[in-house]
Structure formats: C-alpha cells, structure tokens
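To start, the structure itself, in structure tokens.
The values are calculated or read from the model by the stated rules, or taken from the named source; none is laboratory data. Note that the structure is predicted; figures quoted are calculated from it, not measured. Positions of Cβ are generated from backbone atoms using ideal geometry, with glycine treated the same way; all protein chains shown enter the neighbour counts.
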C-alpha cells in the first residue's frame, strides 16, 4: 500500500486537532452563503418579494412580471395579482437604508434621490448615483426643492435638515454652509467641485466641502402632473421615485420617473413598490378634517405625514414604509370619506426610533362607532395588521392613538401603509 506523505501544514499537529480542522472545513463548505446563492442551473438565486393585497392576504415568491396592470410571482403554480388589488410589494427580508448618511436631492413632489451633485446649469442638475454603479441622472432644476450636499454626522440634524428643505417655500435660493451660515442669492451653476452663487455683493464661488445644503426658490418650482396609474418605487439606498410605465425585463425594472427621466434599476436595487392611481388611496395623501392631540401632562405633538412624529422615515421592525402617518398618544385624526370607499387597512406599531420603548393602543372609529382596536402594544412588539375594515356607505373615518400602560413616554406610533380601497370601477385617474 503506498504511503501518504504528510503535508508540512499538518506536521506537529495532533491527530485529534487534524480531525477537528477537517470537520470544521466540511461544515463551512456545507453552510449556505447568501452572496453565492444559486438556482439549479447555477444562476444567481432570485430575490424573494412578498405581496400584500387588499384582503389582508400575503404571498411570496420571486418576481416574474411587473407592469401597471399585474404582478406575477414564481411558485407552483405562479401567482398573478392585478395591481389594483396590491397594497404593497416588498422584499421579504427588509433592510433599512442608510439614506441619512448620504447626499441627496429632494424633489417638489416628495421624491428623494440618493445622488451626488456633479454639474448644474440654469436648467438641469446632473448627478452621480453611487448605488447604481456608474449610474448618472439628469434632473430638471424646476422640479427640485432642495439638495443635501454633505450629510451631517448627527442623524437628528440630518432629518431636521431634510424637513427644512422639504418645507422650503421662500422665493429665493439659499445655500446653507457647514459652519452654520446661510447665504441667500441665485445659484447660477456648479462645475467641478464648486458652486457659483450670485448674491448682493456679486458672484461667490463655494467649494463642495463648505456646503451643507441648498434650497431652491419656490417661485421657480414646477412639477409635471402625473396622469393615470403610477408606481412609487423605493430603492435599497433609500431613494423614493414616482414612476409610470413600469416594466420588468431581464432582471431590471424600467420606467419613466415623474420628473422626466427614463430610469432602469436592477432587481437587487428594489426595496418595495406601491401601485397608485387605481383603487388604492394612501390615507396620507388626503387632508384630514380634524386632528387633535391631548397631552398626558403637558406639551403638544403634531402628526407626521409620511414621517414619524420626529420627522424621520416610518420604520417598523427593520422595515421602512414610504407612506403613512406618525401620531403621538393621545391623538386622533379624522377624514371625510363620503361613502367613496369599500375598505380600510393598515400596519401599525411603535416606531423603531424609540428603541423598543413606548406603549399605545391603536383604534379605528367609523361614523362615530369604534370598530377595531389593538390591545396595549409595547415598542418591543411585532407590527400588527388592522383590517380590512368595511367602509361601504360610511361617511367618516377616525384613527386614534391612545395611552397604553406607561403614560405617553416614547409613544411614537406609526400607521404604515394606511390605505382606503375604492369600489371597483371608481379609480382615480390622476394626481396633481
């Protein structure tokens, strides 16, 4: 029998240690590696998405078809759902983006893009899209509300800045400097790494490192009207874009952004999609007839529209929601629905920003009658579903966030994807 020469790496190693090393190596080889996941043909494995419908049901699978009319998920057999029945299509395993740590462009319709300014003329801003590799995008200047050039180190400061720019309604441009100064004037161009600002004392050149953010004159803002069905696409980098004509082909979602650019995203970039303009009416897009907050002791809290009460993105258990309402105990929000809808449903919970603190009760009142309520829900609890609740023939809808078991400490309550469902045949054709 031929002898086996011992490799130098094993010399001096005990027999027991050799067996342990071999067993460990075999175990590591057998473990699944997410980045190398593959299907039976050796191709990269598809990303699972979960589809939630207007009946409160959910189904998961890989995307096979996406367009303005239907979504098809893989399965045996495959599942096809019409988009006017879909509340949310999102990754089965969500991941919160690091949007607050990146530069961004904020648009007048509420869209946000995690992009970095490269060049700006009197008509267009050109930007690099880091998460899309060498991706670049051109954005008409008239559609922009503000630009975050350098993300602050403080998350609190970042979202305060986001709110300031989103609400910017002054009739002049402004540049916010990193050192705290504000320079009003007219932004006339960006080349290389410098912005030229025309101020009262003449033209000023500002280096990128000096600039925190830029707010654009509201008097020059004009956003194109979006007709018919549209899709709200959320990317894993935190970008949110309203699009039309969405098509899925060869692993990419293609469509036209509301601000005018044709875009294409790899399926790995997609976090979620909402289908708007049909039967689904996000409650946060409507104006309430009444909002009331009653403090536990003192102080007042405003409601957040598509934001928490602190003005941050709505986040529940690691998942991020672009549409919804942030409310603090004890609050109520009333909407006139005038018999136009057949049902209501939502996902509720205390926002992740509380770090598992808080305790509230979520309740729904229709035409003055309480029809649904959760038990006291702590911040550490999983999110819960409310609905679908029957609204046929009803005139008013009121959402309540009530004190739970701990007064009002950290009661940052979220209504995520709160939607009204229109009766079939009564779809909304357009949105300003």
Original post:
If only one of 393, 387 is out of contact with any strand residue (DSSP E or B) (no Cβ under 8 Å at 6 or more places or on another chain) and at pLDDT 95 or above, which one is it?
Top reply: 393
Subject >> Breaking point among (1) buried (at least 17 other Cβ atoms within 10 Å of the Cβ); (2) modelled with pLDDT under 95; (3) under 17 Å from residue 284 (Cα atoms), for residue 408 >> reply: (3)
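Per-residue answers, yes or no, for (1) over 20 Å from residue 277 (Cα atoms); (2) surrounded by fewer than 15 Cβ atoms within 10 Å (Cβ to Cβ); (3) touching a strand residue (DSSP E or B) at 6+ places or on another chain (Cβ under 8 Å):
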position: 338; (1), (2), (3): no, yes, no
position: 358; (1), (2), (3): yes, no, yes
position: 379; (1), (2), (3): yes, no, yes
position: 399; (1), (2), (3): yes, no, yes
position: 418; (1), (2), (3): no, no, yes
**OP:** Please find, among 325, 345, the residue that is out of contact with any helix residue (DSSP H, G or I) (no Cβ under 7 Å at 6 or more places or on another chain) and assigned to a strand (DSSP E or B).
**Re:** 345
Original post:
If you scan segment 358-409, which residues turn out to be in a strand (DSSP E or B) and on the phi > 0 side of the Ramachandran plot?
Top reply: 387
Original post:
Checking residue 308 against (1) farther than 17 Å from residue 96 by Cβ; (2) within 13 Å of the chain's Cα centre (by Cα), which single condition isn't satisfied?
Top reply: (1)
**OP:** Sort through 275, 259 and tell me the only one that's assigned to a loop (DSSP other than H, G, I, E, B) and crowded, with 19+ Cβ neighbours inside 10 Å.
**Re:** 259
Subject >> Selected residue [at pLDDT 95 or above, in contact with a helix residue (DSSP H, G or I) (Cβ under 8 Å, 6 or more places away or on another chain) and at negative phi] from 212, 220 >> reply: 212
Original post:
Within segment 122-136, how many residues are more than 21 Å from residue 161 (Cβ to Cβ) and at pLDDT below 95?
Top reply: 7
Subject >> Residue in segment 191-209 that is surrounded by the most Cβ atoms within 10 Å (Cβ to Cβ), counting only those that are closer than 18 Å to residue 165 by Cβ and out of contact with any helix residue (DSSP H, G or I) (no Cβ under 9 Å at 6 or more places or on another chain) >> reply: 197
Subject >> segment 234-254 - residue that is crowded, with 19+ Cβ neighbours inside 10 Å and closer than 16 Å to residue 278 by Cβ and, of those, nearest to the chain's Cα centre (by Cα) >> reply: 242
Original post:
What strands (runs of 3 or more DSSP E) lie completely within segment 163-204 and have 2 or more residues being under 18 Å from residue 119 (Cβ atoms) and more than 28 Å from the chain's Cα centre (by Cα)?
Top reply: 182-191, 194-199
Original post:
In segment 30-51, is there at least one residue being assigned to a loop (DSSP other than H, G, I, E, B), under 20 Å from the mean Cα position of the chain (by Cα) and either modelled with pLDDT under 95 or over 20 Å from residue 240 (Cα atoms) (or both)?
Top reply: yes
Subject >> residue 294 vs. criteria out of contact with any helix residue (DSSP H, G or I) (no Cβ under 9 Å at 6 or more places or on another chain), assigned by TED's automatic domain parsing to the domain that holds residue 394 and surrounded by fewer than 16 Cβ atoms within 10 Å (Cβ to Cβ) >> reply: yes
Original post:
Got at least one residue in segment 210-221 being within 30 Å of residue 83 (Cα to Cα) and either surrounded by fewer than 16 Cβ atoms within 10 Å (Cβ to Cβ) or assigned by TED's automatic domain parsing to the domain that holds residue 131 (or both)?
Top reply: no
Original post:
Of the residues that sit in segment 76-114 and are part of a loop (DSSP other than H, G, I, E, B) and without any contact (Cβ under 8 Å) to a residue 40 or more places away in the chain, which one is nearest to residue 230 (Cα to Cα)?
Top reply: 78
Original post:
Quick one: is residue 280 touching a strand residue (DSSP E or B) at 6+ places or on another chain (Cβ under 8 Å), surrounded by 14 or more Cβ atoms within 10 Å (Cβ to Cβ) and farther than 21 Å from residue 145 by Cα?
Top reply: yes
Subject >> From the options 386, 337, 371, residue that is farther than 24 Å from residue 100 by Cα and without any contact (Cβ under 8 Å) to a residue 24 or more places away in the chain >> reply: 371
